[in-house]
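A quick write-up on the structure given underneath.
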Amino acid sequence: MRARLRPLLLALGIVVATTPRPADADEPVAATFALIIGSNVSVDRELAPLKYADDDAANYLDLFRVLGARTYLLSRLDDNTRLLHPQAAAEALEPRRAALEQSVAQLVADVAQAQRRHVETDFYFVYAGHGDVRDGQGYVSLEDARITSDDLARLVAKVPATRVHVIIDACASYFLAYSRGPGGERRPIHSFQDTSELARDPRVGLLLSTSSAAESHEWDGFQAGVFSHEVRSGLYGGADADGDGRVSYREIAAFVTRASAAIPNERFRPAVHARPPRQSDTLLDLRHGLGRRLDIDASHAAHYTMEDARGVRLLDVHNASDQPLHLVRPLSNGLVYLRRLDDDTEYVVPNAPDVVALADLEGGAPRVATRGAAHEAYSLLFSLPFDGAVVAAYDPDLLDPPAAPPGADAPAPAASRPGRRAIGWGAVGLGALGVATGAAFTGAALATVNTTSKEDSQRDVADRNARVTTFDTASTVAYIAGGVSLAAGITLVLWPSAPQVQAFASPSGGFVGYGGRF
């Protein structure tokens, strides 16, 4: 009898292990509110408009609606985005100060009502657009105003939510929460005073893109900001490595970091700063949305992209061979398409039933052939598999050490790089001086030769020849020394501080890249 039960118990164990864990019966249910802002245009008119901040805002609206959130949207959608996201087009207010104040007033009233009814609340402030630093204080931009770190702290303080989660995809977003030293230099976090009022609020969790201010990190392949697309991919379930139906701050940070890790050049790698609220490590509870999901078991591990019938790329995931995935399915009146990039197989995900297993679907040729060669760097996004081991190995201190916080300036080693560059420029200056000195000696030699006269004695000729020889020798030495100094200086200035060669190959192609910090 035991022998007969053993296979049944084993099968039951497999089902339990690969099914999202239900909520505890006595666990409080939190109401969710999301204020979403996407602005392609900055109040700083000298900045070029972004292309996809409005798309990011519309895609975040779709995600939070699936999870049952009350949402407030500020974005000016372009014509293409309006066609792709009619619900967002119907609801969106302009990303301007007056509309922000109107939305915040409504948000505060809605959250206060939930509080009076003793319902726990999670509030998400989500922003995609331009950011910068002025007078040592970070800010993000509306079309007609700046939201500084102090402004955001005051906004958050008005909202009586149990927990607050700030998700920002913008240049210099790190400085909305942490200080920037005089002259625009990054400085270590030495004390409580180095953080803003926003970061001091114990209710507040932070998920910030901390890449260089010189890069907007948008990609046509996603039709979105790269960081925002990676975050949404994780929040649909791709980052839920332990399968508990929640995405933690550690999981999302490890997921975003892993998604970009194969890109050799750090200019194209979105960096992330993640810090949870004091009372909880959970960024997003997915269990409301997992009642309607797509299950990808570990035996089907691969890099997948999901698109809806309009061609909107919803998410990318790449589970490792020991990692099952449970992905929240988007709200859609049409079909959803899942493409496995390893062999370019496409699966049609039907509207019913609510829970669909990839193992039950039949793959076929994709509807649309792959378009052209994608960007060499961004085509490597999600090329490395993700699982619980990646989360366990993730060390935020290695990527985001308090002693050298990332931010709007391009990252640089604290001591070696400035010293090396100073020496390099000094060598360039000495080289230029050497070449100029050589030219001066050459001129002196030519001038001496031109003083030749028929009346000169042999002694005069001998003396003149000796001076010409001396000038020629001196010019040769100066040219050689100057050339060597110039070459060394240029090498020190331009040589990457962390050179590396990386290669990646897949059945659909390959890439060899060289990268480092310059």
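The values are calculated or read from the model by the stated rules, or taken from the named source; none is laboratory data. Computed from a predicted structure; not experimentally measured. For neighbour counting, all protein chains shown are included, and Cβ atoms are generated from backbone atoms with ideal geometry for every residue, glycine included. Surface areas here come from the heavy atoms of the whole protein model, side chains and all, with no ligands, DNA or RNA. Shrake-Rupley method; radii C 1.70, N 1.55, O 1.52, S 1.80 Å.
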query: Which numbered condition trips up Pro95, out of (1) surrounded by fewer than 23 Cβ atoms within 10 Å (Cβ to Cβ); (2) at pLDDT 95 or above; (3) in a loop (DSSP other than H, G, I, E, B)?
result: (1)
query: Does the range 76-84 include one or more residues that are in a loop (DSSP other than H, G, I, E, B) and open to solvent by 50 Å² or more (accessible area, probe 1.4 Å)?
result: yes
- prompt: Would it be correct to say that Arg267 is open to solvent by 10 Å² or more (accessible area, probe 1.4 Å), in contact with a Gly (Cβ under 9 Å, 6 or more places away or on another chain) and part of a helix (DSSP H, G or I)?
  reply: yes
- prompt: What is the number of the single condition among (1) at pLDDT 65 or above; (2) within 30 Å of Pro366 (Cα to Cα) that Phe511 does not meet?
  reply: (1)
query: Do the conditions hold for Asp122, that is, is it charged (D, E, K, R), under 25 Å from Thr282 (Cβ atoms) and assigned to a strand (DSSP E or B)?
result: yes
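Residue-wise test of (1) acidic (Asp, Glu); (2) modelled with pLDDT of 95 or more; (3) crowded, with 21+ Cβ neighbours inside 10 Å.
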site: Tyr127; (1), (2), (3): no, yes, yes
site: His130; (1), (2), (3): no, no, yes
site: Ser141; (1), (2), (3): no, yes, yes
site: Val156; (1), (2), (3): no, yes, no
site: Pro160; (1), (2), (3): no, yes, no
site: Val164; (1), (2), (3): no, yes, yes
site: Ala170; (1), (2), (3): no, no, yes
task: Kindly provide the set of residues from the range 111-141 that are free of Cβ contacts under 8 Å to residues at least 12 places away in the same chain and acidic (Asp, Glu), ordered by number.
output: Asp135
field: Single residue of the range 31-51 satisfying the filter (in contact (Cβ under 8 Å) with a residue 24 or more places away in the chain and open to solvent by 40 Å² or more (accessible area, probe 1.4 Å)) that is nearest to the chain's Cα centre (by Cα)
entry: Lys51
message: From the list Gly489, Gly443, exactly one residue is out of contact with any His (no Cβ under 7 Å at 6 or more places or on another chain), farther than 30 Å from Arg134 by Cα, at pLDDT below 75 and among the small types (Gly, Ala, Ser). Which is it?
response: Gly489
task: Evaluate the following for Val111: is it buried (at least 16 other Cβ atoms within 10 Å of the Cβ), in contact with a strand residue (DSSP E or B) (Cβ under 9 Å, 6 or more places away or on another chain) and under 19 Å from His229 (Cβ atoms)?
output: no
message: Suppose we filter Ala393, Ala357, Ala408, Ala422 for residues that are of a type outside the set (Val, Ile, Thr), at pLDDT below 75 and either open to solvent by 50 Å² or more (accessible area, probe 1.4 Å) or closer than 20 Å to Leu315 by Cβ (or both); which single one remains?
response: Ala422
field: Residue tally, condition of a type in the set (S, T, N, Q) and more than 15 Å from Gly234 (Cα to Cα), over the range 279-297
entry: 2
- prompt: Which residues, taken from the range 64-75, are in contact with a Pro (Cβ under 8 Å, 6 or more places away or on another chain) and crowded, with 22+ Cβ neighbours inside 10 Å?
  reply: Leu74, Ser75
message: With without any contact (Cβ under 8 Å) to a residue 40 or more places away in the chain, charged (D, E, K, R) and under 18 Å from Val231 (Cβ atoms) as the only criterion, which of Asp78, Asp54, Asp62 stands out?
response: Asp54
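When you scan the range 283-317, how many residues do you find that are among the hydroxyl-bearing types (Ser, Thr, Tyr) and farther than 25 Å from Ala58 by Cβ?
Going through the range 283-317 one residue at a time, the tally reaches 1.
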message: So the check is Cβ under 9 Å with 6+ separation or different chains; which pairs have a first residue in the range 328-348 that's within 24 Å of Asp285 (Cα to Cα) and open to solvent by 20 Å² or more (accessible area, probe 1.4 Å) and a second one that's among the basic types (Lys, Arg) and in a loop (DSSP other than H, G, I, E, B)?
response: Leu331/Arg292; Ser332/Arg310
task: Identify the single condition in (1) outside any helix (DSSP H, G or I); (2) at pLDDT 95 or above that Ala109 does not satisfy, given that it satisfies every other one.
output: (1)
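I'm checking my understanding of the structure. Among residues of the range 274-286 that are open to solvent by less than 50 Å² (accessible area, probe 1.4 Å) and part of a loop (DSSP other than H, G, I, E, B), which one is farthest from Val247 (Cα to Cα)?
Ranking the candidates gives Pro277 first.
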query: Taking the condition at pLDDT below 95, over 18 Å from His130 (Cβ atoms) and buried (at least 18 other Cβ atoms within 10 Å of the Cβ), does Phe222 pass?
result: yes
- prompt: What residue, of Gly129, Gly136, is under 16 Å from the mean Cα position of the chain (by Cα), farther than 14 Å from Leu198 by Cβ and small (Gly, Ala, Ser)?
  reply: Gly129
